[in-house]
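To keep things clear, I will list the structure first and then write my remarks on it.
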Amino acid sequence: MTDSAPLRGSRPDAPSPRASAAAVDSGAGDDVPGEGGPSVPPEGTDEPQARPRKPSLLRETAIIVVSALVLSLLIKTFLVQAFFIPSASMEDTLVEGDRVMVSRLVPGAFDVHRGDVVVFKDPGGWLPPAAPQDQSPFSEAARTALTFVGLLPQDTGEHLIKRVIGVPGDHVVCCDAEGRVSVNGEPVDETYIKAGSVPSQDPFDRTVPEDMLFVMGDNRQNSQDSRYNTGKPGGGYVPMGNVVGTAFVKVWPLSHAELLRNPGDVFADVPADEP
């Protein structure tokens, strides 16, 4: 009889200590120290946190390089682009070997003006066929890629650089009694042409069509420009859509570095239309 009597101070339905321990060990995913589960830090202490993994040096370098290439491509496409001057047609303003920066905001955000120095794509037949370059396929591919993203200056294999003398609607004539070019009946004193040059050794009388430009080199006796391409596509004029932009600064060599300003005073008295 005594074996079945409850313990003093306990209820018959209370779980045994062994059962209680078993219930704790298996309950609700709680961790108990010393029972094989993850340790629980004492109350009031900070639990150690796993440190985030740092990106590798190679990955960081790749991100920087790709970002720089994308930025350079965007700048070249929408803002500025470098060009290399391969000839003497713009002396003394630009000499062979100069590097210039060209604003891509013209035409577009800003208009082309008389006196601007513009880079434009060959309208057709102005340039002779490009001579093949002696370089390895790898070097050629690397140069093409770096030029494409704007890290190397664009050569002028299919581009030219000249000065705008007439904009759409202008009547451009040479020469008056003093040998000067006239625009809309107003003679202009061209302060930028090469020393010793004359405004033109050959006479011309041209009216610039809509959406076209009449351009000339500053080295007038050594420039194949609008005067001498009348029988080619565009009739010697440059379509506005072929204009890449306006040159605004020489950046190399450093001894030649300077801003290229529009000589506005030269054309200040030219009327919008011929009287």
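The values are calculated or read from the model by the stated rules, or taken from the named source; none is laboratory data. All figures in this text were calculated on a predicted structure; none of them were measured in a lab. Using ideal geometry, Cβ is built from the backbone for each residue, glycine included, and neighbour counts are taken over all protein chains shown. Note: accessible area is taken over every heavy atom of the protein model, side chains too, but ligands, DNA and RNA are not part of it. Shrake-Rupley method; radii C 1.70, N 1.55, O 1.52, S 1.80 Å.
Within the stretch 234-249, not a single residue is more than 16 Å from T207 (Cβ to Cβ) and open to solvent by 80 Å² or more (accessible area, probe 1.4 Å). Applying the set (1) over 29 Å from the mean Cα position of the chain (by Cα); (2) modelled with pLDDT of 95 or more to G166 leaves exactly one unmet item: (1). Residues in the stretch 173-188 that are in contact (Cβ under 8 Å) with a residue 60 or more places away in the chain, open to solvent by less than 20 Å² (accessible area, probe 1.4 Å) and either in a strand (DSSP E or B) or charged (D, E, K, R) (or both): V183, V188.
Results for (1) out of contact with any Pro (no Cβ under 9 Å at 6 or more places or on another chain); (2) acidic (D, E); (3) under 24 Å from P107 (Cα atoms), shown as yes or no for each residue.
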{"position": "I165", "(1), (2), (3)": "yes, no, yes"}
{"position": "S182", "(1), (2), (3)": "yes, no, no"}
{"position": "E186", "(1), (2), (3)": "no, yes, no"}
{"position": "S200", "(1), (2), (3)": "yes, no, no"}
{"position": "M216", "(1), (2), (3)": "no, no, yes"}
{"position": "N222", "(1), (2), (3)": "yes, no, no"}
{"position": "V249", "(1), (2), (3)": "yes, no, yes"}
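Could you tell me whether V244 is of a type in the set (V, I, T) and within 22 Å of H159 (Cα to Cα)? Considered against the rule, which asks whether it is of a type in the set (V, I, T) and within 22 Å of H159 (Cα to Cα), V244 comes out as yes. Restricting to the stretch 107-134, name every residue that is on the phi > 0 side of the Ramachandran plot and either open to solvent by 40 Å² or more (accessible area, probe 1.4 Å) or modelled with pLDDT under 95 (or both). Those that are on the phi > 0 side of the Ramachandran plot and either open to solvent by 40 Å² or more (accessible area, probe 1.4 Å) or modelled with pLDDT under 95 (or both): G108, G124, G125. Considering only residues of the stretch 254-275 that are among the small types (G, A, S) and in contact (Cβ under 8 Å) with a residue 12 or more places away in the chain, which is surrounded by the fewest Cβ atoms within 10 Å (Cβ to Cβ)? Here the answer is A272.
Note on the stretch 189-211: residues that are open to solvent by 80 Å² or more (accessible area, probe 1.4 Å), part of a loop (DSSP other than H, G, I, E, B) and not hydroxyl-bearing (S, T, Y) amount to 7.
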